[in-house]
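The values are calculated or read from the model by the stated rules, or taken from the named source; none is laboratory data. These numbers come from a predicted model, not from an experiment. Here Cβ is always computed from backbone atoms with ideal geometry, including for glycine, and neighbour counts include all displayed protein chains.
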Amino acid sequence: MQFAHHKILIIILLITYTLNTFAQSSDTLQLNEVKIQASRASTQALHAPRTVELITAAQIAQLPVKSVSEVLEYALGADLRSRGPVGMQSDLSIRGGSFEQTLVLLNGIPLTDPQTGHHSLNLPVSLDEILHIEVIQGGAARIFGPKAFSGAINIVTRSSANTSATLAVEGGEYGSYGTSAQGNIAFPKSGLSAGISRFSTDGYISNTDGSRLQGNLHYHTAIGKLNVSAFTGAEQKAFGAQNFYSTSFPTQFEETKLYFGGLKLDYRIKSWQFNLTGSYRQHHDRFELYREGADWYVRNNGFFIMGDDTAASFYKGHNYHRTDVNETNLQIVHSLKKHTFSAGVSYRKEHIYSNVLGEPMDKPKHVTGYPDYAQFLREADRNEYHVYLEDQFQSGRWWINGGMLMTISDEYGTRVFPGIDVAYLFNRYLRTYANFNQAIRYPTYTDLYYRLGGAVGSIGLKPEKSDNYELGFRFQQERTDAQLAVFHRASSSLIDWIRKNGSSITEAANITAVNFTGVDFSIRLQPEAYLTLLDEIQFSYTFISADEKSTDFESNYALDFLKHKCTAIVQKKINAALQFSFAISYQEREGGYLKPGASKETEYGWFYTADSRITYSKGIGKLYLDVKNIFNHIYTDIGNIPQPGRWITMGIKLNIKK
């Protein structure tokens, strides 16, 4: 099997080389100035040797969205399965991977939570603070480490180039209300940015209410040849979790808190570049299988009672978790004629306190901020060390990047991940690329230890592995950006939560090897010169197939992937003040789910949604009207959790510049 995969790679490279014969000659090639994190040494977008989508702040401003997860619903190859409304909790997958297999980064710093990937999109930034979002398709362990199993997204925040401020307020159906403020102060060689935002909703059905509070501070300065960037932020969410993880206990509730800090030092001298990054992430999670509150269950002599209903006897209290992650990375980059060499080392330490996850503690630890009965009884920790080498070679029209990552885990031993990326530029507009990369993902603490409410983790889980292949083409012109890619991921020891036929227990297990094959296509046009009806058209389509199905068990995640995803977005500027955008998305998901009391799965099938935003701008002010799910289509994205119908909101935003 491995030999066959290597044969495929050789064929891809031969095809790429053969196409050279038909390329037009040109001594000067135009490069896109936007840089992306597609290799250890930052890569220009035109040269990127893999499928990458760049979602800019200008594009985000035209979408009817209020959170990063809603933005990613429109991204190529991205699968957003929402439990709570407007980003309260969403699971992000790329190219058929599970939500645990996608790495989320903020300004290049990983935000992965070792407790569970359900917290990956807990972010301390609002949309007004984002410069762009990079969606990187395919396994990228060599670039980002073993968390990037099927892809990664990197959220890049704005730098304070000008002194300015943004104020916004919005409201709408289902009791939704939001406010935000963001400001920048620019100095000659430094800048300071700060932001705070809040959003809340009463929910579209019972127990789907939620609130979100975010705040952050970003400072950057230049001291000679040393660039310093410091970021700190926090987020708090609290939301009703109706049927989130089980229909047997529908009235669930969850509250999460995130604290994050990062420091980046960048020193450049001649052909050398030294980068040092350090970060700390602390995350708190309180999960209530039976929601506690005046209108819900009330704690009474060790029992939880709501009216005539008493919680199951096994339920003695809520789950409390706290994770701490420290990460440090040192990278050295040296440019030498046609080569750019990168080498580096990194260290990551993960720790968890919990009352249900980990090994028993010698002495309980009180959960800060809660009554005495809230105690951490268990804990676990693990360490990872990474060493990486990379050579980026550019000659004429060829761009070749090869390297390896060696990771040393005190839980799972030493492993090496090689990879090679090749790009060839036919002319200033067209390029082709091919790549091969290996990836791995370690089990989360939930995968290993969770045992409650019919869910059983497994301490014996093995890491899941994959070999990733891709062949693609990209065309970039002033008003046209199109890309087409064919990809294949050979996965083994996939980790999934499954329920065998006839069983009421959902258990974590390494399921058999699964091969995913698919096609990505996207095009973005600004057809002003030849079609005056529209200012911009975006279209994307992803098809994925797998050689395994959940025939004798119910798969919660790994085999419930999007088989078809098709998205179209159009924009039109009516006049100098009025602008309109419309988006429609079609999705068809593999797999199914069990309805309460049923013995046979209900297939997910297909659904579509349509959304729009109308914007009126005048001076420093902007009014907008958002309509989500215009046609009020009823659909289910995750088993037994119906999604909101039509949702209308309005807002006003003021942009003040010095």
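Some notes on this structure:
- Total residues in the range 456-481, condition part of a loop (DSSP other than H, G, I, E, B), hydrophobic (A, V, I, L, M, F, W, C) and over 25 Å from the mean Cα position of the chain (by Cα): 1
- Residue within the range 487-496 that is touching a Ser or Thr at 6+ places or on another chain (Cβ under 9 Å), modelled with pLDDT of 95 or more and β-branched (Val, Ile, Thr) present: no
- Boolean, Leu471 is at pLDDT 90 or above, at negative phi, touching a helix residue (DSSP H, G or I) at 6+ places or on another chain (Cβ under 6 Å) and among the hydrophobic types (A, V, I, L, M, F, W, C): yes
- Among the residues examined, Leu167 qualifies as part of a strand (DSSP E or B), within 18 Å of Leu131 (Cα to Cα) and either within 22 Å of the chain's Cα centre (by Cα) or not polar (S, T, N, Q) (or both).
- Taken together, Tyr315, Tyr353, Tyr280, Tyr347 contain a single residue that is among the hydroxyl-bearing types (Ser, Thr, Tyr), assigned to a loop (DSSP other than H, G, I, E, B) and surrounded by 13 or more Cβ atoms within 10 Å (Cβ to Cβ), which is Tyr315.
- Tally, over the range 399-451, of residues that are small (Gly, Ala, Ser) and closer than 26 Å to Ala508 by Cα: 3
- Cβ separations smaller than 6 Å between residues 6+ apart or across chains give the following pairs from the range 283-310 residues that are in contact (Cβ under 8 Å) with a residue 24 or more places away in the chain and part of a loop (DSSP other than H, G, I, E, B) to residues that are of a type in the set (A, V, I, L, M) and buried (at least 17 other Cβ atoms within 10 Å of the Cβ): Tyr290/Ala311.
- Test: residue in the range 261-281 that is within 30 Å of Ala598 (Cα to Cα) and within 24 Å of the chain's Cα centre (by Cα): no
- Scanning the range 159-181 for residues that are surrounded by fewer than 18 Cβ atoms within 10 Å (Cβ to Cβ), on the phi < 0 side of the Ramachandran plot and free of Cβ contacts under 8 Å to residues at least 60 places away in the same chain returns Ala161, Tyr177, Thr179.
- The range 39-56: number of residues that are charged (D, E, K, R) and at pLDDT 90 or above: 1
- Count of the range 182-210 residues which are buried (at least 22 other Cβ atoms within 10 Å of the Cβ) and over 25 Å from the mean Cα position of the chain (by Cα): 1
- Being part of a strand (DSSP E or B) and either over 28 Å from Phe341 (Cα atoms) or of a type in the set (Asp, Glu) (or both) is a description that applies to Arg198.
- Subset of the range 356-383 (residues that are buried (at least 18 other Cβ atoms within 10 Å of the Cβ), out of contact with any Pro (no Cβ under 7 Å at 6 or more places or on another chain) and not aliphatic (A, V, I, L, M)): Gly358, Glu379
- Boolean, Val71 is more than 27 Å from Val514 (Cα to Cα), at pLDDT below 90 and either over 10 Å from the mean Cα position of the chain (by Cα) or among the β-branched types (Val, Ile, Thr) (or both): no
- Residue selection: Asp496 satisfies the criterion of being within 22 Å of the chain's Cα centre (by Cα) and assigned to a strand (DSSP E or B).
- Val156 satisfies every condition listed in (1) touching a residue at least 60 places away in the same chain (Cβ under 8 Å); (2) outside any loop (DSSP other than H, G, I, E, B); (3) within 28 Å of Thr201 (Cα to Cα) except (1).
- Residue ranges of strands (runs of 3 or more DSSP E) in the range 607-658 with at least 2 members modelled with pLDDT of 95 or more: 621-628, 647-657
- Checking the stated criteria, Ala241 turns out to be buried (at least 18 other Cβ atoms within 10 Å of the Cβ), among the aliphatic types (A, V, I, L, M), part of a strand (DSSP E or B) and out of contact with any Leu (no Cβ under 8 Å at 6 or more places or on another chain).
- Top-ranked residue in the range 560-569 [being of a type in the set (A, V, I, L, M, F, W, C) and modelled with pLDDT under 95; ranked as farthest from Ala61 (Cα to Cα)]: Phe561
- Screening the candidates Asp560, Asp626 for the property of being within 24 Å of Gly175 (Cα to Cα) and charged (D, E, K, R) yields one hit, Asp626.
- Restricting the range 463-492 to residues that are polar (S, T, N, Q) and within 19 Å of Gly97 (Cβ to Cβ), the residue that is surrounded by the fewest Cβ atoms within 10 Å (Cβ to Cβ): Ser492
- Only one of Gly77, Gly151 that is farther than 23 Å from Arg348 by Cα, buried (at least 24 other Cβ atoms within 10 Å of the Cβ), of a type outside the set (A, V, I, L, M) and modelled with pLDDT of 90 or more: Gly77
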